[in-house]
Amino acid sequence: MAKARPIPGLSAELSYSEAAVRTIEVRSAELFEHAAGVLDVGKIEAVHAMRVATRRLRAVLEFYEPCLDREQLRPVLGQVCDLADALGQRRDPDVEILALTQFAAGATDSERPGIERFIERTREQQQQANTELEAILAQIEQDGLRERLAGLIEPPAAEPETVAEPAAGPIGDPAAVQPDDPEQPARGGWLRRR
Amino acid sequence: MKARKVKHIDPDGTLADNAQRVVQVRLDELYDFVPAVLDPKAVKKLHAMRIAAKRLRYVLEVTAKDCFGPYALTASKRVRELQDLLGEVHDCDIQLPRLQKMASGLSAEATAELSRRAGEAVDLDPTLASGLPHSEDWAGLAALEQYLAVRRALLFRRFTDIWQDIERSAMRARLEYAIAERPADGAQAVAADQ
């Protein structure tokens, strides 16, 4: 199983919103890196790696949910969950077939036919799960999941310039927020657009 | 099982402070399954505990190293061990009924064939029962059923041993302490010692 890639610059004092951006970016990239070869039932580790990457991505989307636009997140998270389920449905028979094959290898001649029959049934399940996984992967491609994940953490487009209202307080009043004050936290909570 | 809502999350706050709140809730969720899961028949609760362990594990995977005291990483490994073991128990809980259902279906086919052979006879000729469909499968299916049942019992015993060990090592209290620590506290403490 691939180790989770470290998140650059992640620290305890980093703002939750900024941590969301950095983490989701890395975990999204990991998901698509593991997509190659998942439909090949002869290479069961590919499914496992993508499943783990999907779980990790799902976990961070749920963990950082308060920082994200709920309307944007809901369909993306739904699709990541569907993908996780489809990968799980494929992974379960993969593992089972492997274990049953090992079990059959240690069985007597009289025991082997029954075990083989059960393996056959499990293979049918694997094929069905693979068909469902193929459909989900096509759907993800069609719906642009990768782009929508990027959209979740994209800074909002710059607002058109407007005539500035006079500051409410006297100049130098810390309560009067200056729009382009470099001392002001630029992105704290900007991910929320609820 | 739906994840419990975490209160007082602040997207503008630090990653560590928010992660502390999330870990605390996920930790409580995990412990809420005890003592119910110490009953080997609590199949649904064991599965739900596995989900709770998974949620805690992934939050810790994202945050333990960067946000908390050193014990958080140790706890993360323990929770992962617990989740993996509960996963194996769950696999048996899925596989065993599937196997029994298949065996029962094959048995019904054999019974139907025997009834067909008996026709309108007033008693059943024993020779008619030989060579029934699937008769070659029973030995293997019975061996597999025994294997899964005994393996499940062994895995459950290992789960209770691991849980007892987790309780003895006061994982909950130590993790609660660790999530209130910040890595900088540790660094300052080391500097003060020197």
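The values are calculated or read from the model by the stated rules, or taken from the named source; none is laboratory data. Everything numeric in this text was worked out from a predicted model, so none of it was measured. Using ideal geometry, Cβ is built from the backbone for each residue, glycine included, and neighbour counts are taken over all protein chains shown.
Evaluate the following for B:Glu81: is it acidic (Asp, Glu) and either more than 20 Å from the chain's Cα centre (by Cα) or away from every other protein chain (no Cβ under 13 Å) (or both)?
Working: acidic (Asp, Glu): yes; either more than 20 Å from the chain's Cα centre (by Cα) or away from every other protein chain (no Cβ under 13 Å) (or both): yes.
Judged against the criteria, B:Glu81 is a match.
Looking at B:Ala118, B:Ala103, B:Ala139, can you tell me which residue is in contact with a Ser or Thr (Cβ under 7 Å, 6 or more places away or on another chain) and either within 14 Å of another protein chain (Cβ to nearest Cβ) or more than 21 Å from A:Phe118 (Cα to Cα) (or both)?
Just a single option satisfies the conditions, and that option is B:Ala139.
What single numbered condition from (1) part of a loop (DSSP other than H, G, I, E, B); (2) of a type outside the set (Ser, Thr, Tyr); (3) within 14 Å of another protein chain (Cβ to nearest Cβ) fails to hold for A:Glu62?
Result: A:Glu62 passes all but (1).
Per-residue answers, yes or no, for (1) more than 10 Å from chain A (Cβ to nearest Cβ); (2) out of contact with any Leu (no Cβ under 7 Å at 6 or more places or on another chain); (3) closer than 21 Å to A:Arg27 by Cβ:
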{"residue": "B:Gly13", "(1), (2), (3)": "no, yes, no"}
{"residue": "B:Leu27", "(1), (2), (3)": "yes, no, no"}
{"residue": "B:Ala42", "(1), (2), (3)": "yes, yes, no"}
{"residue": "B:Arg50", "(1), (2), (3)": "yes, no, no"}
{"residue": "B:Arg55", "(1), (2), (3)": "no, yes, yes"}
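Please work out which residue is surrounded by the fewest Cβ atoms within 10 Å (Cβ to Cβ), limiting yourself to region B:57-73 and to residues that are more than 10 Å from chain A (Cβ to nearest Cβ) and more than 16 Å from B:Ile166 (Cβ to Cβ).
Filtering region B:57-73 for residues that are more than 10 Å from chain A (Cβ to nearest Cβ) and more than 16 Å from B:Ile166 (Cβ to Cβ), the one surrounded by the fewest Cβ atoms within 10 Å (Cβ to Cβ) comes out as B:Pro70.
Report whether or not B:Leu38 is closer than 12 Å to B:Phe159 by Cβ, surrounded by 19 or more Cβ atoms within 10 Å (Cβ to Cβ) and not basic (Lys, Arg).
In short, no.
What pairs come up if the first residue lies in region A:102-120 and is under 13 Å from B:Glu136 (Cβ atoms) and modelled with pLDDT of 95 or more, the second is hydroxyl-bearing (Ser, Thr, Tyr) and exposed (fewer than 10 other Cβ atoms within 10 Å of the Cβ), and their beta carbons are under 9 Å apart, counting only those six or more places apart or on different chains?
If the second residue must be hydroxyl-bearing (Ser, Thr, Tyr) and exposed (fewer than 10 other Cβ atoms within 10 Å of the Cβ), no pairs are left.
Residue by residue through region A:98-111, note down the ones that are assigned to a helix (DSSP H, G or I) and surrounded by fewer than 18 Cβ atoms within 10 Å (Cβ to Cβ).
A:Leu98, A:Ala99, A:Thr101, A:Gln102, A:Ala105
Could you look through region A:2-35, keep only residues that are outside any helix (DSSP H, G or I) and within 16 Å of the chain's Cα centre (by Cα), and pick out the one that is surrounded by the fewest Cβ atoms within 10 Å (Cβ to Cβ)?
A:Lys3
Return the residue satisfying two criteria in turn: it lies in region B:1-52 and is more than 24 Å from the chain's Cα centre (by Cα) and assigned to a loop (DSSP other than H, G, I, E, B), and of such residues it is nearest to A:Thr23 (Cα to Cα).
Filtering first and then ranking leaves B:Pro11.
When you check A:Thr23 against the structure, is it of a type outside the set (A, V, I, L, M, F, W, C), touching a Phe, Trp or Tyr at 6+ places or on another chain (Cβ under 8 Å) and modelled with pLDDT of 95 or more, yes or no?
Considered against the rule, which asks whether it is of a type outside the set (A, V, I, L, M, F, W, C), touching a Phe, Trp or Tyr at 6+ places or on another chain (Cβ under 8 Å) and modelled with pLDDT of 95 or more, A:Thr23 comes out as yes.
Which one of these does B:Ser76 not meet: (1) assigned to a helix (DSSP H, G or I); (2) free of Cβ contacts under 8 Å to residues at least 24 places away in the same chain; (3) surrounded by fewer than 17 Cβ atoms within 10 Å (Cβ to Cβ)?
The one condition B:Ser76 does not meet is (3).
Is there a residue in region B:49-58 that is free of Cβ contacts under 8 Å to residues at least 24 places away in the same chain and farther than 16 Å from B:Ser76 by Cβ?
Among the residues of region B:49-58, not one is free of Cβ contacts under 8 Å to residues at least 24 places away in the same chain and farther than 16 Å from B:Ser76 by Cβ, which makes the answer no.
Tell me the residue from A:Arg90, A:Arg74, A:Arg56, A:Arg70 that is more than 10 Å from chain B (Cβ to nearest Cβ) and touching a helix residue (DSSP H, G or I) at 6+ places or on another chain (Cβ under 7 Å), please.
The conditions single out A:Arg90.
Can you tell me which residues in region B:142-166 are in contact (Cβ under 8 Å) with a residue 24 or more places away in the chain, closer than 16 Å to B:Glu81 by Cβ and either within 14 Å of chain A (Cβ to nearest Cβ) or surrounded by fewer than 18 Cβ atoms within 10 Å (Cβ to Cβ) (or both)?
Passing the criteria: B:Leu155, B:Arg158, B:Thr160, B:Ile162.
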